[in-house]
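The values are calculated or read from the model by the stated rules, or taken from the named source; none is laboratory data. Quick caveat: nothing in here was measured; it's all calculated off a predicted structure. When we count neighbours, we look across all protein chains shown, and the Cβ atoms used for this are built from the backbone with ideal geometry, even at glycine. Ligands, DNA and RNA are excluded from the accessible area calculation, which covers all protein heavy atoms including side chains. Shrake-Rupley method; radii C 1.70, N 1.55, O 1.52, S 1.80 Å.
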Amino acid sequence: MKVGKEEQYKKELRDVIRKAAKEQKLLDDFLKDILTPAEYREVANRLQIVKLLKQGYSHREIVEILGVGVATIERGVRVIADKNGGINRVLGG
């Protein structure tokens, strides 16, 4: 895929998500349509990992709570380390 097309596709995805986000059921239906059940669970788990890390939970506690691997938690650590990143701007902090 050419870089120009990739950026166009990303913009289109953001636009569609923005439209779908205006209504909770529509957003849920959209996410169910575009993601597999496993992908939807994975995205939801990644959000929970970040939230738990921000609340001070240890890696071990997160593994027990969510049943995820340590590598997945490490990704969450890297994401929240970027104070200007999207997740911090959305969740605050």
Query - Residue identified as in a loop (DSSP other than H, G, I, E, B), surrounded by 11 or more Cβ atoms within 10 Å (Cβ to Cβ) and among the β-branched types (Val, Ile, Thr) among Val68, Val16, Val77 - result: Val68
Report task. Could you check how many residues of segment 13-44 are of a type in the set (Val, Ile, Thr) and over 26 Å from Arg75 (Cα atoms)? Result -> 1
Query raised in the report: Does Val63 fit the bill of being assigned to a helix (DSSP H, G or I), of a type in the set (A, V, I, L, M), modelled with pLDDT under 95 and surrounded by 11 or more Cβ atoms within 10 Å (Cβ to Cβ)?
Result: no
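For segment 49-60, which positions are in a helix (DSSP H, G or I) and either open to solvent by less than 70 Å² (accessible area, probe 1.4 Å) or in contact with a Cys (Cβ under 8 Å, 6 or more places away or on another chain) (or both)? Before the answer, list the steps.
At the first step, the residues of segment 49-60 found to be in a helix (DSSP H, G or I) are 49-54, 59-60.
Matches in segment 49-60: Ile49, Val50, Leu52, Leu53, His59.
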